[in-house]
There are 2 protein chains.
Amino acid sequence: MLETEPVPERRRGSGVKMVYDQLRDEILDLVLLPGSLIDEVQLAERFGMSRTPIREALVRLSSEGLVETLPNRSTMVANIDFLNLHTFFDALTLMYRVTTRLAAQHHRPEDLVILRDHQRRYADAVGAQDALAMISTNRAFHAAIAEAGRNPYYTSLFLRLLDDGRRLLRLYYQSFSDQLPREYVDEHEAIISAIEAHDIPLCDRLAAKHADQIVHQIQRFLARDQRQQIQL
Amino acid sequence: MLETEPVPERRRGSGVKMVYDQLRDEILDLVLLPGSLIDEVQLAERFGMSRTPIREALVRLSSEGLVETLPNRSTMVANIDFLNLHTFFDALTLMYRVTTRLAAQHHRPEDLVILRDHQRRYADAVGAQDALAMISTNRAFHAAIAEAGRNPYYTSLFLRLLDDGRRLLRLYYQSFSDQLPREYVDEHEAIISAIEAHDIPLCDRLAAKHADQIVHQIQRFLARDQRQQIQL
DNA sequence: TACAGTTTTGTTGTCGACAAATAAAATGCA
DNA sequence: TGCATTTTATTTGTCGACAACAAAACTGTA
């Protein structure tokens, strides 16, 4: 009597969160391509559970704008809006500045330890030429700055922007993984020092410069091969 | 044959949205008090539908921070965080400034028509001493400015802030509905003119002043009767 | 062949029911 | 009586099933 149990007997309330986290990662990592349709029963079979928890996860993703749900029709992975990218860059730059300024004001000693930890991991990723690790560690670094700023409103918007950017960065790094991120390591170091020194104007300048670097780099990439963006 | 139909035969996909909108309004209008527990089957009976759509509405409200859901236990109306109000005021002020500046840059002629329409309704509400109408029309006015700024990232954060503030304003206006909002009418007029003139620095100054007025007024109120805030 | 109307197919939105998990009540023991 | 333990009860998380809706496939007619 072979009682195969492919689903490893998950705990009660963990279903939605598991599906949510998994789908979210796959969307942001472009495993699920923008515009592709999502079938609930297919997901239900894949995760070995009913459609109900799948649906709740999709509702959550929908309210965060990661999927668009057409009434009585399939839900769809949200498209990347290449036409209004300037609004994204604008908001991203402002949030870089605001969160870094606030970190200079409100950080505590333990925040610096965390920051340096993330920075070290980022430097390792750059040294190892590991594009995926660069993306995630860079994100963690700036998310930690936002946390140190201690304003949840800014933090949540910033995280959303970083996630939206994560999809762009996936396009970016998969096309050419060059050595430019080396500059970012130094800039990160300077930002940490400015935060530690409570130098708010310097934090503002450094964050703005850092943001401009990233924005211009992405824009250069987009201008370079426009075919790819039209294709999506 | 008496076929009573208390539930008016709603359309198919409208269930969740109806429950979501209704609960959201009741939470923001303090009909559902912060910290109060929400029973799903009770809501299901009240809305005349199954628990499934109620649940999806609650998930959505949860992801927007309006309710907090304890695992395997009741979900709860989110508390008002009186301790960290300064983060709220800070973000609100910045968003006032940013959205108004962007409206000066990117507005179109039809936006001004909409703005003047909201402004007229706000003036009417002030004239009629209708506190609830003041809250909603003021919100609509500033939301329209954000829309005219055409940056969905800022708009969504701003709307969230305005909604969080709506609960505070409910506390505020229900304790003393005075004639102070009269000043706001004039300030709104000045903001409209500055937007129309594309005067970005003036928009920034006016928005900052406007925000400070509101913030200080709420802070005065909170300092005046602290008993009420502790009670909640 | 082109097109309007009809049928079929596939997918979603909703339902009622059951089981797990927690809180409350009841019981037993010192 | 006070406390630990068991039992009950309530509420959630999940499931399988069915009906409604939209798109695709099909049919008949000009």
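Each Lys and Arg contributes +1 and each Asp and Glu -1, all at the Cβ; summed about the Cα centre of region A:77-184, the dipole is approximately 160 debye. Take the accessible area of B alone and of A alone, subtract that of the pair with a 1.4 Å probe, and the total buried over both chains is about 2400 Å².
Axis angle, to the nearest 10 degrees, between helix A:200-224 and the longest C-alpha principal axis of chain A: 50 degrees. Modelled spin labels at B:GLN42 and B:SER14, positioned 7 Å past Cα toward Cβ, are 2.7 nm from each other. Relative to the dominant Cα principal axis of chain B, helix B:85-106 is inclined by about 60°. Short to long, the 10 Å bins of the Cα pair-distance histogram for the protein assembly as shown hold 4, 17, 25, 28, 19, 6, 1, 0, 0 percent of all pairs.
In this simple spin-label approximation, B:SER136 and B:LEU83 carry label points 7 Å from Cα along the Cα→Cβ vector, and these lie 3.5 nm apart.
Hey, can you grab everything whose amide H is under 5 Å from the amide H of A:VAL67? Only 5+ residues off in sequence or another chain; H modelled, so Pro and N-termini drop out. HN-HN under 5 Å from A:VAL67: A:SER62, A:ALA78. Remark: relative contact order (region B:100-153) = 58 percent; criterion is Cα-Cα distance under 8 angstrom and separation of 6 or more residues. The smallest convex shape that holds all Cα atoms of chain A, its convex hull, gives 164 Å³ per residue. Just need the relative contact order of region B:14-77 here, percent rounded to a whole number, with Cα pairs under 8 Å and 6+ apart. About 41 percent, as a whole number.
If only the Cβ of Lys and Arg carry +1 and only the Cβ of Asp and Glu carry -1, the dipole of region B:14-77 around its Cα centre is close to 200 debye.
Per-residue Karplus couplings for region B:61-68, computed as 6.51 cos²θ - 1.76 cosθ + 1.60 with θ equal to phi - 60°, are listed in order as 4, 5, 6, 9, x, 7, 10, 10 Hz, Gly and Pro entered as x.
Label sites at A:HIS198 and B:GLU110, each approximated as a point 7 angstrom past Cα along Cα to Cβ, lie 5.2 nm apart. Taking chain A as the reference, fit the longest principal axis to its C-alpha atoms, fit the long axis of helix A:181-196 to the helix C-alpha atoms, and give the angle between the two in degrees, 0 to 90, nearest 10. Taking the Cα atoms of chain A, the angle to A:181-196 is about 70 degrees. Using Cα pairs under 8 angstrom and six or more residues apart, how large is the relative contact order of region B:85-231, in percent? Once divided by the residue count of region B:85-231, the mean separation gives 38 percent. In chain B, helices alone account for a calculated mean residue ellipticity at 222 nm of -24000 deg cm²/dmol, with every DSSP H run of four or more residues adding -39,500 (n - 2.57). Taking a ≥ b ≥ c as the square roots of the eigenvalues of the alpha-carbon gyration tensor, region B:66-178 is classed oblate because a/c is 1.5 or more while a/b is no larger than b/c. Separation of region B:110-185 from region A:141-170 is 28 Å, based on Cα centroids.
The values are calculated or read from the model by the stated rules, or taken from the named source; none is laboratory data. Note that the structure is a prediction, hence the values are computed from the model and not measured. Here Cβ is always computed from backbone atoms with ideal geometry, including for glycine, and neighbour counts include all displayed protein chains. For the accessible areas, the whole protein counts, side chains as well, though only heavy atoms, and no ligand, DNA or RNA atoms are used. Shrake-Rupley method; radii C 1.70, N 1.55, O 1.52, S 1.80 Å.
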